[in-house]
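Read the structure below first, then the notes.
Read-outs throughout are calculated quantities, based only on the coordinates presented, and are distinct from any laboratory measurement. Worth saying up front: this structure is predicted, and the values here are computed from it rather than measured. Cβ sites come from the backbone with ideal geometry, for glycine too, and all protein chains shown count toward neighbours.
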Amino acid sequence: MPREFPRTRRVGEQIQRELAALVHEEVKDPRLGMVSISGVEVSSDLAHAKVFVSVLGDDAVVTASVQVLNNAAGFLRRKLGARMRLRIVPRLQFLYDRSLAEGARMDALINAAISGKNDTAEDE
């Protein structure tokens, strides 16, 4: 019978919490925008972790922020190893999470469609 919370998911959630604190406390690069860690996917052998980040700003800010985080990945991995008790600290790869931007776009489309329906109903 499989466990309800597999170890990789628990480790990913812990990495997400720790990285959120580390990014805000330790990374002092002025190119880094308003970044939040939206999710972490850890490989089954715990050797690699994809860290999904959401960034407030335009495409240039997003690109610069993801580049800063990938350049600081070794530093953050070392700090993460000091905070967590893991035999192997996963290699970090930061990726932009488009789901929040897509959700906002879909919400705007739905609102536009609803307001369009209300306008035609008022005309009748």
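How much FRET efficiency would the formula 1/(1 + (r/R0)^6) give for A82 and R7, where r is the Cβ-Cβ distance and R0 is 22 Å, rounded to 0.05?
Once rounded, the FRET efficiency stands at 0.60.
How large is the helix-only mean residue ellipticity at 222 nm for the chain, computed as the sum of -39500 (n - 2.57) over DSSP H runs with n ≥ 4, divided by its residue count, in deg cm²/dmol to the nearest 500?
Numbers: 4 runs with 69 residues, N = 124.
Result for the chain: -18500 deg cm²/dmol, rounded to the nearest 500.
Hey, what does the equivalent ellipsoid look like for the stretch 7-97, semi-axes from the Cα gyration tensor as sqrt of 5 times each eigenvalue, largest first, whole Å?
The equivalent ellipsoid of the stretch 7-97 has semi-axes of 22, 13, 10 Å.
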